[in-house]
Each structure stands twice: as C-alpha cells, then as structure tokens.
Amino acid sequence: MKKVLVLEDESSIRSFVVINLKRSGYEPIEAETGEQALEQIKKHPDIKVALLDIMLPDIDGFEVCRRIRANNSKMGIIMLTARTQEMDKVTGLMTGADDYVTKPFSPTELTARIDALYRRIGGEEEEDTGEIVRGIFRLNTRNRTLEKNGRRIKLTQVEYSIIKLFMDSPGKALSREEILAAVWGKDYMGEVKIVDVNIRRLRIKIEDDPTNPAYITTVWGYGYKWGF
Ligand code: CA
C-alpha cells in the first residue's frame, strides 16, 4: 500500500482528505499535531509522501518539514497552505517542501499532486550510466547523490531532478515552463514560480556565492542554464 501521512488538526478537512486518498488507492496515516506526525513517521518508515498543514496546535508545519528533512531527503512533502498565506508557499519550499496545495482544494487537484510526487519518488527508470560529471560536480544517478569537490550535498528529490536536467544539457537555456514540465510533470497544475523557489534553494546548496551564481545561471526573461 502506498502510505501518505496526513497532518491536519481540523478533523473535517482531515477526514475529507483521508476519504479521497483511500478512494485513490492510498493508505492514509493520520496525525493531528506536529509531534504525532513525527511519531507516525518513525512508526511507518515506508511513508513516501507527507501532507503537512501549517497552523497546528503545537509545532507548525514548517518545523515538522524541517525535522523530517533533517534525516530524510527522499520523502515527498506537500504543504497545505491557506489562500491568505501567500508567503507560506515560499517559506514552505525553502524549508524543504516539494510542493504546496492551496486550501480549499479539490480532491482531484490533491490526488493529482500526490500522484505526480509518487511517480517522481518511485523513480522513473534512469538510464544506468552511473554518473554525470560536470567540472567539480559529480552526480551519481544510481544512488541519486551530488558531490561538489568530493563533498556530498544533500538534495531533495525535486532538487535532484532539476540538477540532473541541467547536467544532462550543459550550456542549454531551459525555459521555466520546460523545467516545470520535466520535473513536476506536464499535468502539474501549480504555478511556474515553484521553479524559481527551488532554484533559489539549490543555489544556496551548490553555489559558492548564491547571490552571484556561477553554475545555475539566469537567462533573463526566459529561464536558467547550467553554465560556467
Ligand atoms: Ca490547521
């Protein structure tokens, strides 16, 4: 069964999500508080995707996300944000979430996002070349790790997919829409802004000076490219 953690303190929203996940063939694992969510993850190490509400009675969803990411870079994390909390999307992604869904959401929208994340985590078959080397970077496509000058850089699944896309086509300008389609899938219904936020986070991880990037460079009015 494909387990999905559902962290939401409002029982009406939680049961709405749970019913719809079951209908789509997932096994929802429920949590009402941040601490409960972290316990459930310990109890069920096979949870692959987590839905995290932000406003909770104990620790907030961002903190839960940070704590999950502290020792799990593989789990897919979707933040459930309120329409009024525009900044939450960015904050959530900066703390390591892969995606966000704005409340109120339709069951179709939510399951489409989870399906997309699951497909990505399940790992579309990689051609088994083993590794891609570009300058001081070495991307291992078997265990999905990145090294810069021999030093391991922790990446989320989304970050890995983005960096692989760049390293596969060095020097080629990729539009934000192209990156969105390649990494999030063609049926992704969210905003293209998610690309920029993830790239900002990646730059913090890989650039010597994130404010003056040398590896992932901006192609003004178009997108980004991998270029020295
Ligand atoms: Ca809440």
**Q.** Options ALA50, PRO28, SER15, ranked by Cα towards positive dipole end of the chain, top entry (Cβ charges)
**A.** ALA50
Q. Size of the dipole of the range 131-226 about the Cα centre, Lys and Arg at +1 and Asp and Glu at -1 on the beta carbon, nothing else charged, in debye to 20?
A. 360
Q) On full extension of the chain, what length is gained from GLU10 through HIS44, given 0.36 nm per residue of separation minus the C-alpha to C-alpha distance? A) 10.0 nm
Q.
Let me make sure I get this right: for the range 2-123, a, b and c are the square roots of the gyration tensor eigenvalues over alpha carbons, sorted descending. Under 1.5 in a/c it's rounded, otherwise prolate if a/b > b/c, else oblate. Which is it?
A. rounded
Q. So how strong a dipole does the chain carry about its Cα centre when Lys and Arg Cβ are +1 and Asp and Glu Cβ are -1, to the nearest 20 debye?
A. 620
Q) What is the gain in length, in nm to one decimal, between LYS172 and THR145 on full extension, counting 0.36 nm per residue of separation less the C-alpha to C-alpha distance? A) 7.5 nm
Q | Burial ranking of peptide ranges 205-214, 135-144 (average Cβ count within 10 Å, highest at the top) | A | 135-144, 205-214
Q | the range 17-61: C-alpha gyration tensor shape, a/c 1.5 cut-off, then a/b vs b/c | A | oblate
Q. Shape call for the chain from the C-alpha gyration tensor, a ≥ b ≥ c root eigenvalues: rounded (a/c under 1.5), prolate (a/b greater than b/c) or oblate?
A. prolate
Q: Go ahead and run the numbers for FRET between GLU109 and ALA82, Cβ-Cβ distance against an R0 of 22 Å, rounding to 0.05.
A: 0.90
Q: Roll a 1.4 angstrom probe over the protein heavy atoms and tell me the percent of accessible area of the range 54-203 that is carbon or sulfur.
A: 52
Q | Extension gain from GLU27 to VAL133, taking 0.36 nm per residue of separation minus the Cα-Cα distance | A | 34.2 nm
Q.
Probe of 1.4 angstrom, ligands and nucleic acids ignored: what's the accessible area per residue over the chain, in square angstrom?
A. 47
Q | Residues of the range 150-176 with amide N under 15 Å of the 7 Å Cα→Cβ point at ALA182 | A | 158-176
Q. Which entries in LYS3/LYS205; LYS74/LYS205; LYS74/LYS103; LYS148/LYS205 show an alpha-carbon gap greater than 21 Å?
A. LYS3/LYS205; LYS74/LYS103
Q.
Let me spell out the model: positive unit charges on the Cβ of Lys and Arg, negative unit charges on the Cβ of Asp and Glu, origin at the Cα centre of the range 2-123. What dipole size does that give, in debye rounded to 20?
A. 620
Q. Residues of the range 14-42 with amide nitrogen under 12 Å from the 7 Å Cα-to-Cβ point of GLU63?
A. 34-36
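The values are calculated or read from the model by the stated rules, or taken from the named source; none is laboratory data. Being a predicted model, the structure only gives us computed values, none of them experimental. Here the Cβ is made from the backbone with ideal geometry for all residues, glycine too, and neighbour counts use every protein chain on show. With ligands, DNA and RNA removed, areas are computed over all heavy atoms of the protein, side chains included. Shrake-Rupley method; radii C 1.70, N 1.55, O 1.52, S 1.80 Å.
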